[in-house]
Amino acid sequence: MKLGYVIIYVPDVAASLTFYETAFGLERRFLHESGSYGDLATGETTLAFASHALASSTFPEGHVQASGSSRPLGMEIALVSPDVRTAHAKALAAGAVELVKPAEKPWGQVVSYVRCPAGTLIELCSPMEG
């Protein structure tokens, strides 16, 4: 078994794709004509977005919407960059909310946290050495 997709449920799929393109330079791979699903070219594991309406049709009992929470959900996606400080600033300029400024960890990795306009918690981190 391997991880194939990470799908984030969002209020507006096209807007989320545009944010990730602008903030992080990721490339849009697909947006369904309905606007209810889209994904980005992110390497071996696909980062995808689906609408809350699509989630509601799949989970009739409901789901927790990150965009509706004042606090981040108990999960994150991590994007690796050789220049976390620049990536962090670019994310803020694109509309992300700063949660934790870039800082070097005791093990040498630079890490920061932002929250995207749709509410998803994003860790920006430098590659792990060794």
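The values are calculated or read from the model by the stated rules, or taken from the named source; none is laboratory data. Remember, it's a predicted structure, so these values are computed and weren't measured experimentally. Virtual Cβ from ideal backbone geometry, glycine too; neighbours counted across all protein chains shown. The protein model used for the area step is the full one, side chains on, heavy atoms only, and it has no ligands, DNA or RNA in it. Shrake-Rupley method; radii C 1.70, N 1.55, O 1.52, S 1.80 Å.
The table that follows gives values for the structure above.
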quantity: Segment 66-83 - residue that is in contact (Cβ under 8 Å) with a residue 24 or more places away in the chain and among the small types (Gly, Ala, Ser) and, of those, nearest to Pro11 (Cα to Cα); calculated: Ser67
quantity: Hits in segment 41-77 (condition: among the aliphatic types (A, V, I, L, M), closer than 17 Å to Ala118 by Cα, out of contact with any Ser or Thr (no Cβ under 7 Å at 6 or more places or on another chain) and open to solvent by less than 60 Å² (accessible area, probe 1.4 Å)); calculated: Leu47, Ala48, Ala55, Leu73
quantity: Which numbered condition His52 misses (of (1) in contact with a Pro (Cβ under 9 Å, 6 or more places away or on another chain); (2) within 29 Å of Val84 (Cα to Cα)); calculated: (2)
quantity: Total residues in segment 1-40, condition more than 21 Å from Ala87 (Cα to Cα), open to solvent by less than 60 Å² (accessible area, probe 1.4 Å) and among the aromatic types (Phe, Trp, Tyr); calculated: 1
quantity: Search result, residues across segment 5-52 that are assigned to a helix (DSSP H, G or I) and hydroxyl-bearing (Ser, Thr, Tyr); calculated: Ser16, Thr18, Tyr20, Thr22
quantity: Filter result (outside any helix (DSSP H, G or I), open to solvent by less than 60 Å² (accessible area, probe 1.4 Å) and in contact with a Pro (Cβ under 7 Å, 6 or more places away or on another chain)) within segment 78-95; calculated: Gly95
